[in-house]
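K.L.:
After the structure tokens below, expect a handful of questions from me.
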Amino acid sequence: MPYIKIEAIDTLFFKDGRPFSMGEETYATGIFPPPPSVFLGMLRSAYASEKNIPLDRIKEETEHIKIEGVYYSADNDYYPIPLDLVRLKSLHEDENEAISLFASNLQGLVSSSSKKLEYVLCHNEHIENIPNGMIDRKLFEYYLKDSRPMNFNWKYQPISKLTKTEFKIGIGRNKQNKQSEDGKLYRVGMVRLQNNTPEHRLNFVIKTNIDNVGYLGKLGAEGKSVIFHNEEQFTPLNKIDYADNSHFRLYLNTPAFFEKGHIPNLKKHFPSWDFEVITYAVGKPLHIGGFDMAEKGGFPKSMLKAVPAGSVYYVKILNGTTKAFVESLEKNPVSSISDYRANEGFGLFYVGNLDMNKRIKSIL
């Protein structure tokens, strides 16, 4: 399938799912990285423009378009940092190093959780999560291989090192006479996909099932122009050698919607296999909506809670090995584990090795 690099010409703004009432609030909050649905909307609009599809037929004639991969590329290829990597609170603000969490057996502990897990991820130092961190391709491959010791320092890049926020001040205008209205001053944080190094411009790279979308598109809440480049030589990751054991890590590369809250229904997506989620590291839920481009004026979609990218599930296979499971996926590919809106790129995942023997540690 084709890979398309998306180069932003100007600053971009991606509105999050929280409501904004101009006049009552002065700051419109955004989300970055954006959910994959914004890329689908961009592609559908570009495809419709290239094919001269009338508005009333856009939904029908573009519903075959899918997002099958989302990547971030600058001086390196980057991936959202896995959430079982955390930061020591004792580190200085500019020390961007992460450590791995241990798995502690829950036997003998009392929990109010409705989901009984075998382990809890923890550390005996004071730690904190890493919001909007990214790791490069080489380290992400190490992570999926589980080839580094538990005391390995994972270097990461904050989003703020790859992008720059520029604030924009605006004011609401009357739709009839176009004059500014009192009390409707607002501010938004625009994102420039480039920081202090011009040669390290951050680009989005997406994998899709179409290749004829032209050269220009519009992206973000303000419909800013972006340039499309075909990336025929793009290769996301090198081949991983998977272990002949019964545990693996399931890493979310994009946000996902699950029927049961934050736990995926793996049996639904892989019916030939039996699994047990033994623990997990998930972030705060994202509120994601959107608009139906085929409806006049943009009809809003239902707001859903999504598990964020970078969330990790430790999974035990009850009827096979990780190696056999991955081999089955190569024969019968499953690209998404999201229960809703999978065609929009939600629920894209990677399978990684998991050596539980080196990870189990008691903190009691």
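Every number in this text was worked out from the coordinates using simple rules, so none of it is lab data. If you're wondering where the values come from, they're calculated on a predicted model, not measured in any experiment. Positions of Cβ are backbone-derived with ideal geometry, glycine not excepted, and every protein chain shown enters the neighbour counts.
K.L.:
Please find the FRET efficiency linking residue 201 to residue 150, where r is the Cβ-Cβ separation and R0 is fixed at 41 Å, and quote it to the nearest 0.05.
P.N.:
Working: r = 36 Å, r/R0 = 0.87.
Efficiency for this residue pair is about 0.70.
K.L.:
Would you mind estimating how fast the range 32-82 diffuses translationally, via Stokes-Einstein at 10 °C and 1.306 mPa s with the Kirkwood radius over Cα pairs, in µm²/s?
P.N.:
125 µm²/s
K.L.:
Starting from the eigenvalues of the Cα gyration tensor, five times each then square-rooted, give me the equivalent ellipsoid semi-axes of the range 219-364, largest first, whole Å.
P.N.:
Values: eigenvalues 202, 76, 47 Å².
Computed over the range 219-364, the values are 32, 20, 15 Å.
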